[in-house]
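Q: This is the structure I have questions about; it appears just below.
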Number of protein chains: 2
Amino acid sequence: MSYSVITITREFGSGGRTIAKKLADELGYAYYDYELVRKIAQESGFAEGFIEEFGEEASSSNFFSFFGNNWGALSINDQLYFAERKVILELAEKGNCIIVGRCADYILKDRKDTLNVFIYADIEFKKDRIINLYGETDVAIEKRIIEKDKRRKSYYKYYTDRKWNRAANYHISLESSELGIDKCVEIIKSIAQ
Amino acid sequence: MSYSVITITREFGSGGRTIAKKLADELGYAYYDYELVRKIAQESGFAEGFIEEFGEEASSSNFFSFFGNNWGALSINDQLYFAERKVILELAEKGNCIIVGRCADYILKDRKDTLNVFIYADIEFKKDRIINLYGETDVAIEKRIIEKDKRRKSYYKYYTDRKWNRAANYHISLESSELGIDKCVEIIKSIAQ
């Protein structure tokens, strides 16, 4: 079958975003990244920088409402999640697109035309990519990778009640450090077409 | 790169064994299944039927030694595991082969020429396959699938200290019910060559 929507869930530094961009180019699909952030900002009223920082990562303080522990009010995270969810459902409806992160695999789980992909890599590969691509030289880079993925994992768990790195959440999982970025693109493309 | 050994870890009923056989045919690799059992029987002295039943599934009674709770003696499961491990290491050394189950991904984790694959499927697909292929008509088939995978999972956890269904244990994980058996074969083949 062919898939009109591809979701890519990825570990930080694994090259998932690069794979998504290459795939979008090769398939002629839309790749929603900053446009997604812009639309979520319009929908939610939150600033784009805030969405980029907290749109797919758990932050304990945001899990509480502005109004303290008021059970009637949505937390900031929940408000953001529901805005993201609405935008992702709308974009999927338009079709022929690739969406990275933000629990899109879960949000679109009832769409039969959606292929869900998980990209992960070993720690050395991720460190090298982050240092080379983002120009970071922080000696604590490994700690940062682990913490970033921990926050993504908690966010995913909170909104989906699933474990982020469980193969069965996705249709295919690929270790980019073993297979290479281009091979990952080739495999996903051969399934999507 | 090319891989001379492919390990396939699979959920019961997912078609992992069929994929392994087809792959072996197409790549001209040896597929070790009954030959593996025969070699383990020679190595361990256990009966072939016993190895088939307990060679990759936890069974609480076998986790204890013949001699009661004697900490000096290996349990039956441990004896079997170490025999399996030895045979798997020897077969991998011969190269160009496919090994199904039995923690082979973990046992061969230090071999760079080994591609580790995980195959899983949704429950309806697994039920259909088991009923059609094995001719089973047991109404409790779903319960049997869940229990069989539970025992494989416990076995894997015990000997590898890893979670069976975690994507990162493998280089690639494929949902056979979504992608189809032939597509899984095609993808693995394209990586292995």
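Q: If the requirement is being buried (at least 17 other Cβ atoms within 10 Å of the Cβ) and away from chain A (no Cβ under 14 Å), which of these qualifies: B:134, B:170, B:159?
A: B:159 is the lone residue from the list that is buried (at least 17 other Cβ atoms within 10 Å of the Cβ) and away from chain A (no Cβ under 14 Å).
Q: What are the pairs with Cβ atoms under 8 angstrom where one residue, in the range B:17-46, is open to solvent by 70 Å² or more (accessible area, probe 1.4 Å) and the other, located anywhere, is part of a helix (DSSP H, G or I) and not charged (D, E, K, R)? Sequence gap at least six, or different chains.
A: So the pair list comes out as B:22/B:181; B:22/B:185; B:26/B:185; B:43/B:83; B:43/B:87.
Q: I need the full set of residues from the range B:89-107 which are out of contact with any strand residue (DSSP E or B) (no Cβ under 6 Å at 6 or more places or on another chain) and either modelled with pLDDT of 95 or more or over 22 Å from residue B:13 (Cα atoms) (or both), in order please.
A: B:89, B:90, B:93, B:94, B:95, B:96, B:106, B:107
Q: Could you check the range A:1-16 and list, in sequence order, the residues that are open to solvent by less than 30 Å² (accessible area, probe 1.4 Å), closer than 22 Å to residue A:111 by Cβ and part of a loop (DSSP other than H, G, I, E, B)?
A: Selection gives A:3, A:4.
Q: Looking at A:186, A:175 in this structure, which one is at the interface with chain B (Cβ under 7 Å from one of its Cβ atoms), within 20 Å of residue A:98 (Cβ to Cβ) and either surrounded by fewer than 23 Cβ atoms within 10 Å (Cβ to Cβ) or not hydrophobic (A, V, I, L, M, F, W, C) (or both)?
A: A:175
Q: Of the numbered conditions (1) farther than 18 Å from residue B:15 by Cβ; (2) within 14 Å of chain A (Cβ to nearest Cβ), residue B:122 satisfies every one except a single condition; which is it?
A: Exception for residue B:122: condition (1).
Q: Looking at (1) open to solvent by 70 Å² or more (accessible area, probe 1.4 Å); (2) touching a residue at least 24 places away in the same chain (Cβ under 8 Å), which one does residue B:109 not meet, given that it meets all the others?
A: For residue B:109, the failing item is (2).
The values are calculated or read from the model by the stated rules, or taken from the named source; none is laboratory data. None of these values were measured; they are calculated from a predicted model. With ideal geometry, Cβ positions are generated from the backbone for all residues, glycine too; neighbour counts draw on all protein chains shown. These area figures cover heavy atoms from the full protein model, side chains too; ligands, DNA and RNA do not enter into them. Shrake-Rupley method; radii C 1.70, N 1.55, O 1.52, S 1.80 Å.
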